[in-house]
Every structure is written in structure tokens, then in C-alpha cells.
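Bear in mind that the values in this text are calculations on the coordinates, not laboratory data. Since we're looking at a predicted model, the values are computed, not measured. Note that we place each Cβ from the backbone using ideal geometry, even for glycine, and neighbour counts take in every protein chain shown.
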Amino acid sequence: MAKCSDQQLRDEVIAYWTINMTRQMEGRPEHQDRWLAIKEKLAKRNVAVPDRPAWENSFRGMMNAVLSALKGYGVGCQFDTLIQCAHQTAQKHPESLLAFGFAVEVAGHKELLKSQDSTGKWASRSEMMRTELRKGDPKYAPPQEWMPALSFLFPEVGARLAEFLRRNGLSMG
């Protein structure tokens, strides 16, 4: 069997996640064998992921946030629009908010997010979060255990996040 490239493995993870980690499908036993095979391939690259991603809240939140930001619509959550995903991430997964923001930038979806913020709530919330972040609020610290997975699966997002943390002297959760 041919060894798959890093990009092929990234694509496999994203395809798996997009299809199997929906509200209707996540955690189904019939998908577990496929996930464990993916996990084994990632482990050969020293990238750890949970055995059961549906049960690992911070990993699931990070993946849903980043994929939604990159695609411009909800992935793995009950929401369709990017703005709904932004609010959900801020409320339920603040530790994934920086990764979400960098993914929005990488994908060129800043204007899409802005256009969906018809009430201005996201703009206000963003300003408040930036203030909290400048004060070093630990709730925005990305989970250290998932940084290698983030950096492997989404290299540009991971690099921007790591640089931001380094530049601002912030630590991971």
C-alpha cells in the first residue's frame, strides 16, 4: 500500500469530519473503525488526536470552528452561517476563538463574516474579546494538547496562531 502524503491525510481527515461529525452522525459506532485508522496514520506523524472525537469537547470544538471558518459555513454544528458559528465558538469554545479568527483570515472570509453581522453583535463581541485577550484572559488560550493536530491539519492557521502566541507572550491552556 502506498504511503499517503501529508496533504492526502489532511484531506482524509477533513472529508471524514465533514461527513461524519455532523449533529446526526457524530459518535456513531460504524464510523469508529475509520477514525481509528486515520488516528493511526496521524500517530505515525507524531500527531495525537482523541480516540473518540465526538466525546472530546475541546478537540471537536476546535475542528468545527476551524473548518467552519475555512469553508464559510457551519461544519459539524447545527448552524448554517459563519456568523452563527462565530457566536457559538465564542460562547461554547472560547479556547478555539483565535484559531477560528486566523482561519477566517486564511480563507478570506472576513467580509463574509462582517456582511452576516447585520445586528452588529459580533463587532461588539469581537471588541470585548480583543480587550479581554489583551489582558491575558486564559479562557482564550488554545489547548496545548491539540496544537500539534491543528498545526498539521491546518498548517497556515497553526503557524499564525503559534506566532501570535509567541509574539504576545501568551501561553496555551
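Overall dimensions of the stretch 59-155, expressed as equivalent-ellipsoid semi-axes from the Cα gyration tensor (√(5λ), whole Å, largest first), are 19, 17, 11. For the residues L67, L153, L112, a GNM of the chain with alpha-carbon springs under 10 Å puts the largest fluctuation on L112.
For the stretch 83-173, trypsin sites (Lys or Arg not before Pro) meeting the loop criterion (DSSP other than H, G, I, E, B) and having at most 15 other Cβ atoms within 10 Å: K135. D137 sits among other residues whose Cβ lies under 15 Å from its own Cβ, and their net charge, with Lys and Arg +1 and Asp and Glu -1, is +2.
What net charge do the residues around I14 carry, taking every other residue with its C-beta under 13 Å from that of I14, with Lys and Arg at +1 and Asp and Glu at -1? My count for the surroundings of I14 gives -1. At what distance in angstrom do the alpha carbon centres of the stretch 91-109 and the stretch 64-88 lie from each other? Cα centroid of the stretch 91-109 versus Cα centroid of the stretch 64-88: 10 Å apart.
Rounded to the nearest 10 degrees, the angle from helix 57-71 to the longest Cα principal axis of the chain is 80 degrees.
Panel order for M147, M128, by other beta carbons found within 10 Å of each beta carbon, from fewest to most: M128, M147. Using the alpha carbons alone, the radius of gyration of the chain stands to its Kirkwood radius in an Rg to Rh ratio of 0.96. Maximal additional length on extending the A123-S5 stretch stands at 38.5 nm, based on 0.36 nm per residue less the C-alpha distance.
Each Cα pair under 8 Å and six or more residues apart adds its separation to the average, and for the chain the resulting relative contact order is 20 percent.
Determine the dipole magnitude for the stretch 63-173: charges of +1 sit on the beta-carbon of Lys and Arg, -1 on that of Asp and Glu, nothing else is charged, the reference point is the Cα centre, and the result goes in debye to the nearest 20. Each step should come with its number before you reach the end.
On the way: 13 positive and 11 negative charges, 48 e Å.
The calculated dipole for the stretch 63-173 is roughly 240 debye.
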